[in-house]
Amino acid sequence: MATAAPPPGAQPPGAARLSGATPVTRVTPPVVDEDSAFYWAGLRAHRLLLQRCEDVECRRVRFPPMPGCPWCGGVGSSIVESSGRGVVYSQVRVHRAFSDAFAADVPYVVATVELDDGCRVVGRVEPEERSAIGAAVEAFHHDHGEWTELRFRVVAGVAGVAGVAPASAASAASAASQASAEPVGAGDGGTGA
């Protein structure tokens with residue numbers, strides 16, 4: 001079966017990566033709902049905002065945004081800003097793009113990151129060749145025109161948690177950060193300024 005010839009000047013998938021040019025990925029913007037609107041607005045402002053349970057015996061930070069606490073069932077929450085630091089809990093290295101929009105980006109890593117705040121989030125990790133389970137990472141923001149994506153970069157010179165399950169290392173740090181985390185807008189009348 002014959003295939004159609006590519007249009008003049010077309011590059012094969014991955015050519016931008018091979019040539020050293022920065023790949024341009026056009027992806028569909030996320031669907032923003034009532035529960036997640038603060039999260040996407042925070043990313044757009046280059047801030048990582050999470051929910052914290054208001055139950056005095058729980059106070060856990062959670063992701064993804066939801067109307068109730070998955071641990072205690074409480075319905076009250078406050079918005080807290082995360083430092084974006086954590087460790088790679090698990091990861092997948094993508095070698096074959098699932099969509100033409102990502103063909104120039106392969107290979108890339110999508111990871112579950114356990115934040116120092118105690119919850120896990122998902123995002124790309126860069127550079128992909130330095131990503132590993134237990135690697136220390138920090139959040140950064142990748143703008144896509146009308147929306148912003150959460151990504152992580154491996155922190156050079158930071159040990160991470162080699163030989164220790166990421167959950168236990170992050171959980172210890174989480175206890176300290178949970179106790180001191182101040183809700184966004186505390187002391188400013190809730191304006192976040």
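Just so it is clear, none of the values below were taken in a lab; they were calculated from the coordinates. Because the structure is predicted, anything quoted here is derived from the model rather than measured. For neighbour counting, all protein chains shown are included, and Cβ atoms are generated from backbone atoms with ideal geometry for every residue, glycine included.
Put in line by how crowded their Cβ is, counting other Cβ atoms within 10 Å and starting with the fewest, 83, 77 read 83, 77. Seen from residue 139, the other residues with C-beta closer than 10 Å to its C-beta sum to a net charge of +3, counting Lys and Arg as +1 and Asp and Glu as -1.
When 114, 81 are sorted by how many other C-beta atoms sit within 10 angstrom of their C-beta, beginning with the fewest, the order is 81, 114. Applied to the range 96-108, the Karplus parametrisation 6.51 cos²θ - 1.76 cosθ + 1.60 on θ = phi - 60° returns per-residue 3J(HN,Hα) values of 10, 5, 7, 8, 4, 4, 10, 4, 6, 8, 5, x, 9 Hz, with x for Gly and Pro. Each Cα pair under 8 Å and six or more residues apart adds its sequence gap; the mean of these over the residue count of the range 55-118 is a relative contact order of 33 percent. Residues whose amide H falls under 5 Å from that of residue 149, counting only those 5 or more places apart or on a different chain, are 142, 143, 144, with hydrogens built in the peptide plane. The simple spin-label model puts a point 7 Å past each Cα toward its Cβ; for residue 143 and residue 28 those points are separated by 2.5 nm.
A DSSP coil position with no more than 15 other Cβ atoms inside 10 Å describes the following chymotrypsin sites (Phe, Trp or Tyr not before Pro) in the range 39-144: 71, 98.
3J(HN,Hα) couplings calculated from phi for the range 62-71 with the Karplus curve 6.51 cos²θ - 1.76 cosθ + 1.60 (θ = phi - 60°) are, in sequence order, 9, 7, x, x, 7, x, x, 6, x, 8 Hz; Gly and Pro show x.
Taking amide hydrogens as placed 1.01 Å from N in the peptide plane, the amide H of residue 137 sits under 5 Å from those of 86, 87, 88, 155, each at least 5 positions away in sequence or on another chain.
Cβ-to-Cβ counts within 10 Å put 90, 99, 78 in ascending order as 99, 90, 78, the fewest first.
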